[in-house]
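Throughout, read-outs are computed from the coordinates displayed, never taken from laboratory work. Predicted model, so just to flag it, every value in this text is computed and none were measured. Glycine also receives a Cβ, built like all others from the backbone with ideal geometry; neighbour counts cover every protein chain displayed.
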């Protein structure tokens, strides 16, 4: 969540000469709605069903980078698909940095609160901390972990591409 996946994914794919897919954008194409609209009108279970279906489909392809949504790996089926079809790379970000990156975005359904009222910094930080705590056990099972708070995009891409090239047997 707000770790740089959507920025780093396409650059990494370009560096490797691979394709890139942003899973949330693919879900939006399939549903014909924005992620927040899907959550609000059709619900999270509907979103997660499409997410798993598209992940299965994409995981059959070779030489691609998939930028996952923050909650994708929390589903055991998705986790198994990811771990058996490639590498799971965790772009780690502190709650404070996530807040800085999210504060002006309104397209994150798990950060938004019910109603029209603008959430306070404390409410957003509480939600970020809760989501990170819930997902931590999945994130920490990654094949490779990088802290995106302190690394530049270029160095992050370089480190991940070196990791992938040196572990291509998978």
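State yes or no: is residue 43 under 21 Å from residue 135 (Cα atoms) and out of contact with any helix residue (DSSP H, G or I) (no Cβ under 9 Å at 6 or more places or on another chain)?
yes
Quick check on this structure: which one of 25, 61 is under 14 Å from the mean Cα position of the chain (by Cα) and surrounded by fewer than 19 Cβ atoms within 10 Å (Cβ to Cβ)?
25
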